[in-house]
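Engineer: One structure, pasted below without further comment.
The values are calculated or read from the model by the stated rules, or taken from the named source; none is laboratory data. Quantities reported herein were computed from a predicted structural model and do not represent experimental measurements. Cβ: placed from backbone, ideal geometry, glycine included. Neighbour counts: every protein chain shown.
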Amino acid sequence: MAVIKPFKGLRPPVELVSKVASRPYDVLNSDEARTEAAGNPYTLLHIIKPEIDFPVGTDEHDEAVYQKAAANLNLWRNQNWLQKDSNESLYIYAQTMEGRTQYGIVGCASVDDYLTGVIRKHELTRNDKEEDRMKHVRITNANMEPVFFAYPAVKELDDIVANIVSNQSPVYDFVAEDGFGHHFWLVDEQQTIAKIVTLFAEIPATYVADGHHRTAAAALVGKEKRAANPAHTGDEEYNYFLAVHFPDNQLKIIDYNRTVKDLNGLTSVELIEKIGEDFDVRKIGKQIYKPNQLHTFSMYLDGEWYELATKIGRYNDNDPIGVLDVTILSNLILDKALGIKDLRTDKRVDFIGGIRGLGELSKRVDSGDMKVAFALYPVSMKQLIDIADSGNIMPPKTTWFEPKLRSGLVVHELD
């Protein structure tokens, strides 16, 4: 059964929140983070991307960079740019994008739930990325950024959230530079907290939607701290980590597309013929074509868009991984036609989040940087949950959730 725990959050004052709050560490490279932080001494990017405080070209994994994260966190505390709540609380975090609002419950998830599989994942993690986040958690002794969880929607929880939102003013309410709205409520009434905790205890599993590496790192650092503490009781803050829990029926997954640098020695005509063995190929023309159903793809090649409809019998409806469009594309086109065997290591393939639009695919190809691009129909939340429940793992770069959580609205300290 799922655990959610209230905690004493470390938060920015209202007048600074829009300046402190930042995009997550993993959606910006170092140069982009420098640009985004320019002229803003308050942004959390100085803590989650501390290489921006060093000369351009500094290795973001240098020990001095991690030390800078800890020093900056101390500075933010000392300057009262982050202030600790007096009482253990839960929080409501709502995000508005394109007229749609999703409401998450912010609280601490349990290290034990991750280790025992109550928190379920759908992606593999890489050891180097895990270790990077583990170092960051160790040196700051905090979960600076939340992870993004989903849970099977519960009407009673929806009603509690709706009541809070309707009857309390948000402590934060701002629109970020990308146009997305962020709204944040404090939940410190003990009876309400107890009810939320009780209702979560009846939920059989929660799901990592976004932030697999942060989740793994937080849980593994908690495990390390247990082993290093001879007086460990299980009640310490390091047994928990920061998460925002959204009901599954409010979330929307958008497409995650692929571009490829070359045609594996084939001409364009030969590639189309090869693809035609497994797909019905229809030329669309210059107008952008977006897939409108499962098992249908679009391809951009030589300035033209094509519809690729998978032929019957080319996938197994009873295989939760094999039926995914990312698997169909990988097996029947990227591997079979283009010779890409491992999406995690092959440098010929790149991934483009759907938030950038399909125009980004044609732009990459028209520039000569890439030779061909493929757009996919998005995975559903049901598919994600079915795969996580079955213990299977999705292929890399399958899901893209939007909007991303803003970092810096609340921080969880491990002591």
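Engineer: Taking residue 143 as the residue in question, decide whether it is in contact with a His (Cβ under 7 Å, 6 or more places away or on another chain), over 24 Å from residue 97 (Cα atoms) and assigned by TED's automatic domain parsing to the domain that holds residue 110.
Structural biologist: Judged against the criteria, residue 143 is a match.
Engineer: Condition check: part of a helix (DSSP H, G or I), surrounded by 17 or more Cβ atoms within 10 Å (Cβ to Cβ) and outside the structural domain of residue 98 (by TED's automatic domain parsing). Does residue 361 satisfy that?
Structural biologist: Numbers: part of a helix (DSSP H, G or I): yes; surrounded by 17 or more Cβ atoms within 10 Å (Cβ to Cβ): yes; outside the structural domain of residue 98 (by TED's automatic domain parsing): yes.
Considered against the rule, which asks whether it is part of a helix (DSSP H, G or I), surrounded by 17 or more Cβ atoms within 10 Å (Cβ to Cβ) and outside the structural domain of residue 98 (by TED's automatic domain parsing), residue 361 comes out as yes.
Engineer: Of everything in region 27-84, what is hydroxyl-bearing (Ser, Thr, Tyr), closer than 23 Å to residue 138 by Cβ and outside any helix (DSSP H, G or I)? Give them in sequence order.
Structural biologist: 43, 58
Engineer: Identify all residues within region 364-403 that are outside any loop (DSSP other than H, G, I, E, B) and either of a type in the set (Asp, Glu) or within 16 Å of the chain's Cα centre (by Cα) (or both); write none if there are none.
Structural biologist: Scanning region 364-403 gives 366, 381, 384, 385, 386, 388, 389, 400, 401.
Engineer: Restricting attention to region 334-347, does a residue exist that is over 17 Å from residue 372 (Cβ atoms), assigned by TED's automatic domain parsing to the domain that holds residue 291, under 24 Å from the mean Cα position of the chain (by Cα) and free of Cβ contacts under 8 Å to residues at least 24 places away in the same chain?
Structural biologist: Checked region 334-347: at least one residue is over 17 Å from residue 372 (Cβ atoms), assigned by TED's automatic domain parsing to the domain that holds residue 291, under 24 Å from the mean Cα position of the chain (by Cα) and free of Cβ contacts under 8 Å to residues at least 24 places away in the same chain.
Engineer: Please determine, by comparing only the residues of region 177-225 that are hydrophobic (A, V, I, L, M, F, W, C) and either assigned to a loop (DSSP other than H, G, I, E, B) or free of Cβ contacts under 8 Å to residues at least 24 places away in the same chain (or both), which one is nearest to residue 102 (Cα to Cα).
Structural biologist: The extreme case among them is 180.
Engineer: Could I ask something else about it? Take region 364-380 and flag every residue that is at pLDDT below 95 and surrounded by 21 or more Cβ atoms within 10 Å (Cβ to Cβ).
Structural biologist: 379
Engineer: Determine which member of the set 415, 317 is part of a loop (DSSP other than H, G, I, E, B), modelled with pLDDT of 90 or more and at negative phi.
Structural biologist: Going through 415, 317 in turn, the sole match is 415.
Engineer: If residue 289 passes every condition in (1) of a type in the set (Phe, Trp, Tyr); (2) at pLDDT 95 or above; (3) assigned to a loop (DSSP other than H, G, I, E, B); (4) within 26 Å of residue 344 (Cα to Cα) but one, which one does it miss?
Structural biologist: Checking residue 289 against (1) of a type in the set (Phe, Trp, Tyr); (2) at pLDDT 95 or above; (3) assigned to a loop (DSSP other than H, G, I, E, B); (4) within 26 Å of residue 344 (Cα to Cα), the one that fails is (4).
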